[in-house]
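Student: This is the structure I have questions about; it appears just below.
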Amino acid sequence: MDTSASTVPQPLAHPFLKGQKALVTGANSGIGKATAIGLGRVGADVVVNYVAGRDAAEEVVREIESFGVRAYAHEADVSQEDQVVDMVSRMVKEFGTIDVMVANAGLQRDAPITDMTMAQWQKVLDVNLNGQFLCAREATKEFMRRGVVPEVSRSAGKIICMSSVHQIIPWAGHVNYASSKGGVQMLMATLAQELAPHRIRVNAVAPGAIRTPINRSAWDTPEAEAELLRLVPYRRVGDPDDIANVVAALASDFFDYVVGTTIYVDGGMTLFPGFATGG
Ligand code: NAP
């Protein structure tokens, strides 16, 4: 079987998010980059958030602008309240509003529990969980202020939380990361329940193993990739576009009745592959 990376088909050139304004955090790399470009490809204007890599963010902006939509890069650390507040308020000034918040930024600081420092624990929770809380809160204020604009979307706004299969799969040596994603699951579900009456849709996407810098050591040698694929029934490592396509669909009115759901995009990683041959 060919387990090499595939070219993920792109959505038809239909601008189904035309007129919508999207913000993607951590959009200068990996999944966030593919998502920001993917949203631009289907017609959204996009804010490309980054924290360190300005050049990479500017490149993403140029690629999005090539679709004839607007984009700009915005530096902000999603774990810092004032920076998230400023980021969303600038977006409202420049683009008029926000329709889609993709809370994607995330990182790992791995260590066995006995070696894990408080700083490693705190950093991951600050970025992966607190950052999503702040982004969701600031977007929600604008969604509620503006309400539904029927010509733009049936909903008053969409929040898409980038979670992980590790919101349900325990992960030894990564207790900070797995705890942060478990928290994202409940953040998403609780906000979905709280905000649905306001016609705000909150959902999550939970990637499995996607080929990005965050997990390079898991796929960058044939041996590592073979080991990884034992955990993936579909027998290929995911590409960032696999996630971007799902985010674009989820942000659209095709998914208007999808509320409080996590979509696993994982090649079957959550299907307990260890039980495939018995149990
Ligand atoms: P990545 O390529 O390392 O990208 C991470 C992004 O997060 C970068 O753009 C980085 O910006 C940004 N970021 C880090 N700290 C930030 C902060 N404090 N404020 C704002 N942005 C910050 O990793 P990725 O694989 O695309 O990960 C994206 C998301 O997908 C994460 O939430 C991750 O947990 C999730 N995920 C990934 C996988 C996978 O297999 N790759 C699987 C499950 C879930 P700078 O470059 O500027 O630092």
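The values are calculated or read from the model by the stated rules, or taken from the named source; none is laboratory data. All figures in this text were calculated on a predicted structure; none of them were measured in a lab. Don't worry about glycine lacking a Cβ; one is built from the backbone with ideal geometry, like all the others, and counts go over all protein chains shown.
Student: What tally of residues in the stretch 150-168 results from selecting those that are surrounded by 14 or more Cβ atoms within 10 Å (Cβ to Cβ), more than 17 Å from Gly260 (Cα to Cα) and away from the ligand (no atom under 16 Å from the Cβ)?
Tutor: 2
Student: Scan the stretch 135-161 for residues that are more than 23 Å from Ala244 (Cβ to Cβ) and among the aliphatic types (A, V, I, L, M) and jot them down.
Tutor: Of everything in the stretch 135-161, those that are more than 23 Å from Ala244 (Cβ to Cβ) and among the aliphatic types (A, V, I, L, M) turn out to be Met144, Val148, Val149, Ala156.
Student: Right, another one. Scan the stretch 169-214 residue by residue and report those that are within 8 Å of the ligand (Cβ to nearest atom), farther than 17 Å from Gln120 by Cβ and outside any loop (DSSP other than H, G, I, E, B).
Tutor: Ala206, Pro207, Ile210, Pro213 - these are the residues of the stretch 169-214 that are within 8 Å of the ligand (Cβ to nearest atom), farther than 17 Å from Gln120 by Cβ and outside any loop (DSSP other than H, G, I, E, B).
Student: Suppose we filter His14, His74 for residues that are away from the ligand (no atom under 16 Å from the Cβ) and surrounded by fewer than 23 Cβ atoms within 10 Å (Cβ to Cβ); which single one remains? Walk me through how you get there before you give the answer.
Tutor: On the way: His74 fails: away from the ligand (no atom under 16 Å from the Cβ).
Exactly one residue qualifies, and that residue is His14.
Student: Kindly evaluate Ala196 against the criterion of being surrounded by fewer than 21 Cβ atoms within 10 Å (Cβ to Cβ), at pLDDT 95 or above and in contact with a His (Cβ under 6 Å, 6 or more places away or on another chain). Show your work before the answer.
Tutor: Values: surrounded by fewer than 21 Cβ atoms within 10 Å (Cβ to Cβ): yes; at pLDDT 95 or above: yes; in contact with a His (Cβ under 6 Å, 6 or more places away or on another chain): no.
No.
Student: Just checking, does the stretch 213-228 include any residue being of a type in the set (Gly, Ala, Ser) and buried (at least 20 other Cβ atoms within 10 Å of the Cβ)?
Tutor: No, the conditions are met nowhere in the stretch 213-228.
Quick grid of which residues meet (1) touching a strand residue (DSSP E or B) at 6+ places or on another chain (Cβ under 6 Å); (2) without any contact (Cβ under 8 Å) to a residue 12 or more places away in the chain:
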residue	(1), (2)
Ile64	yes, no
Tyr72	no, no
Gln83	no, yes
Val88	no, no
Glu94	no, no
Gln108	no, no
Asp115	no, yes
Ala119	no, yes
Val124	no, no
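Student: Consider the stretch 233-279. How many of its residues are within 21 Å of Asn215 (Cα to Cα) and outside any loop (DSSP other than H, G, I, E, B)?
Tutor: Number satisfying all stated conditions: 13.
Student: Let me ask something else about it. Quick test for you: out of Thr270, Thr277, pick the one residue that is hydroxyl-bearing (Ser, Thr, Tyr), at pLDDT below 95 and more than 22 Å from Ala105 (Cβ to Cβ).
Tutor: Checking each option against the conditions leaves just Thr277.
Student: Which pairs have Cβ atoms under 7 Å, sit 6 or more apart or on different chains, and link a residue in the stretch 216-236 that is hydroxyl-bearing (Ser, Thr, Tyr) to one that is surrounded by 12 or more Cβ atoms within 10 Å (Cβ to Cβ)?
Tutor: Ser217/Ala224; Tyr234/Gly267; Tyr234/Gly268
Student: Can you tell me which residues in the stretch 241-277 are under 22 Å from Pro9 (Cα atoms) and acidic (Asp, Glu)?
Tutor: Within the stretch 241-277, Asp241, Asp242, Asp253, Asp266 meet the criteria.
Student: Let me ask something else about it. Give just the number: which of (1) buried (at least 17 other Cβ atoms within 10 Å of the Cβ); (2) within 14 Å of the ligand (Cβ to nearest atom) does Met116 not satisfy?
Tutor: Met116 satisfies all of (1) buried (at least 17 other Cβ atoms within 10 Å of the Cβ); (2) within 14 Å of the ligand (Cβ to nearest atom) except (2).
Student: Follow-up question, since we're still on this one. Any residue in the stretch 40-61 that's over 22 Å from Gln132 (Cβ atoms) and free of Cβ contacts under 8 Å to residues at least 24 places away in the same chain: show its pairings with residues that are outside any strand (DSSP E or B) and more than 8 Å from the ligand (Cβ to nearest atom) at Cβ separation under 9 Å, as long as the two are six or more apart or on different chains.
Tutor: Between residues of the stretch 40-61 that are over 22 Å from Gln132 (Cβ atoms) and free of Cβ contacts under 8 Å to residues at least 24 places away in the same chain and residues that are outside any strand (DSSP E or B) and more than 8 Å from the ligand (Cβ to nearest atom), the close pairs are Val61/Ala36.
Student: Also, quick follow-up: Being surrounded by fewer than 24 Cβ atoms within 10 Å (Cβ to Cβ) and either under 13 Å from Asn245 (Cα atoms) or within 13 Å of the ligand (Cβ to nearest atom) (or both) is the filter here, so list the residues in the stretch 44-67 that pass it.
Tutor: Those that are surrounded by fewer than 24 Cβ atoms within 10 Å (Cβ to Cβ) and either under 13 Å from Asn245 (Cα atoms) or within 13 Å of the ligand (Cβ to nearest atom) (or both): Val51, Ala52, Gly53, Arg54, Asp55, Ala56, Glu58, Glu59.
Student: Follow-up. Does the stretch 247-257 include one or more residues that are within 15 Å of the ligand (Cβ to nearest atom), on the phi < 0 side of the Ramachandran plot and surrounded by 15 or more Cβ atoms within 10 Å (Cβ to Cβ)?
Tutor: Checking the stretch 247-257: at least one residue is within 15 Å of the ligand (Cβ to nearest atom), on the phi < 0 side of the Ramachandran plot and surrounded by 15 or more Cβ atoms within 10 Å (Cβ to Cβ).
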